[in-house]
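For reference, the structure discussed in these notes is given below.
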Amino acid sequence: MNNWKIKRAEKGLRGEITVPPDKSISHRSVMFGAIAKGKYRITNFLRGDDCMSTLNAFRALGIDIRIEGDEVIVEGKGLRGLREPQGELYLGNSGTTMRVISGILAGQSFDVTLTGDDSLSGRPMGRIIEPLKLMGAGIESMRGGGQAPLIIKGAGPLRAIDYDLPVASAQVKSCVLSAGLYARGRTSVREPFQSRDHTERILEYLGADILRQGLFTAVTGEKEMTARDILVPGDISSAAFFMVAALIVKGSEIVLRNVGINPTRTGILHVLERMGGDIEIVDRYGDVEPAGDIRVRHSGLKGTVIDEGEIPLLIDEIPVLCVAASMARGETVINGIKELKVKETDRIMTVKAGLSAMGAELLEKDNDTLVISGGKERLDPASVNSFGDHRIAMSMAVASLVSGGESDIEGTACADVSYPGFLEDLNRLLGV
Ligand code: S3P
């Protein structure tokens, strides 16, 4: 089904759901386990399109991976266990796969070509090509312009570098640290602001030689890791759609079970609380990656100011946050939005297009700030487009719940990238 018709919610969202597994952690559970030594089990792996691109890439690289129900069993082959794939590796829509796998492939002794869909082929890869070249990797953009397809040529041992990341990007950080696993000596990165740290946590868990001090992370290369079972919590970025839906639809009270609450991902909780949202973590568990159950109740929201340093902690939640801001009293100012323009779509353009069609007021200032004038009682029903971006499709679905009628969202198959079954979960909470 490639379009959703979503009606105004006449009564609140009620009940509980378990959101899908975390996309970022699912990617890393395959990538880093595959280059550790030994057989291991991943529990609660996300079988969305993006993570399947990672899984299939590692199969093509000679890793034995079996899917059994919601478990994935992988035979990790160590740092030198990957083999040359038959053809090019097609990575679909997945930026995380392309950027992080490039770090691993830069350390191999064979050549690989990486391709992706139209969106992925337009995304900036110069940000990984530059540090990988500094490390002595043979990586090129085939068409130039720092975009995919990428060709990575097997090189000798990589050189360790100390790299100051020009942007706070977990994908770039993870790429450099991955290449660092194959470099002689100590490779380090320093980020301008803290971004998600799933790579650091999993590498530490698998026994890599990692040193972490604030925004500085170093890894010492050429050390084998040992595979261990991995448990993936639910994705807070997927939970965010229902947090906002429950906050803005009158009469709502929901519980979201098993949501990952790694502190480098919980920016959305802090911002929604600041806006007056009644959100509570009612139970906590997990260790390597903490998780919890989150209760959310309808609340009158007010606008807030979001600083540049907070952006990496809620980067994927900004589209749905714009929906919340449209319904909040007063103005919401989001500073440091530039990175949003190089996601699966230019998310400033696509969220503005969708929400403006529904009567919301979003204004971009100085190319790096978004101002949302809130205070809407309701939005207007409209026909909007996802532009093929999963998070835009789901954000528009949430906005439709507070519109004056029925909205039509075109191009919704892309929700499967991160949230297969989104509409079913929404309908369950709506009781329809
Ligand atoms: C991700 C990091 C973020 C995020 C993306 C997943 C990751 O990208 O937007 O959806 O898994 O590392 P950047 O680190 O490039 O901002």
Ranked from fewest to most other Cβ atoms within 10 Å of their own Cβ, SER53, SER403, SER299, SER174 fall in the order SER299, SER403, SER53, SER174
Taking the convex hull of the Cα atoms, report for the range 1-114 its projected area averaged over all directions, in nm².
9.3 nm²
For the range 319-387 and the range 390-431, what is the separation of their Cα centres, given in Å?
17 Å
Relative to the longest principal axis of the C-alpha atoms of the chain, give the angle of the C-alpha long axis of helix 23-34, reported between 0 and 90° and rounded to the nearest 10°.
10 degrees
Helical contribution to [θ] at 222 nm, DSSP H n ≥ 4, -39,500 (n - 2.57), averaged over the chain, rounded to 500
-8500 deg cm²/dmol
Over 31 Å (Cα to Cα) among LYS223/LYS338; LYS5/LYS343; LYS173/LYS250 -> LYS223/LYS338; LYS173/LYS250
Roughly how many nanometres apart are two label points built 7 Å out from the Cα toward the Cβ at MET349 and THR264?
3.0 nm
Cβ-Cβ cut-off under 10 Å around PRO166, Lys and Arg +1, Asp and Glu -1: the net charge is -2
Volume per residue (Å³) of the convex hull spanned by the alpha carbons of the range 217-375 is 131 Å³
Which three semi-axes in whole Å describe the equivalent ellipsoid of the range 23-231, each the square root of 5 times a Cα gyration tensor eigenvalue, listed largest first?
22, 20, 16
Give the cross-link partners of LYS77 among the aspartates and glutamates, using a straight C-alpha distance below 17 Å as the criterion and excluding same-chain residues fewer than 8 apart.
ASP64, GLU222, GLU224, ASP229
Consider all pairwise Cα distances in the chain and report the whole-number % of them above 31 Å.
37 percent
For helix 318-327, report the angle its Cα long axis makes with the longest principal axis of the Cα atoms of the chain; keep it between 0 and 90° and round to the nearest 10°.
10 degrees
Report the net charge of residues surrounding ILE315, where surrounding means a beta-carbon distance below 9 angstrom and charges are Lys +1, Arg +1, Asp -1, Glu -1.
-1
At R0 = 25 Å the Cβ-Cβ FRET efficiency linking SER356 and ASN2, nearest 0.05, sits at 0.65
Using r as the Cβ-Cβ distance of ARG190 and ASN427, and R0 as 60 Å, what FRET efficiency do you calculate, to the nearest 0.05?
0.85
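Rule-based calculations on the coordinates, nothing more; no lab input. Bear in mind that the values here come from a model prediction, so they are computed numbers and not experimental data. Here the Cβ is made from the backbone with ideal geometry for all residues, glycine too, and neighbour counts use every protein chain on show.
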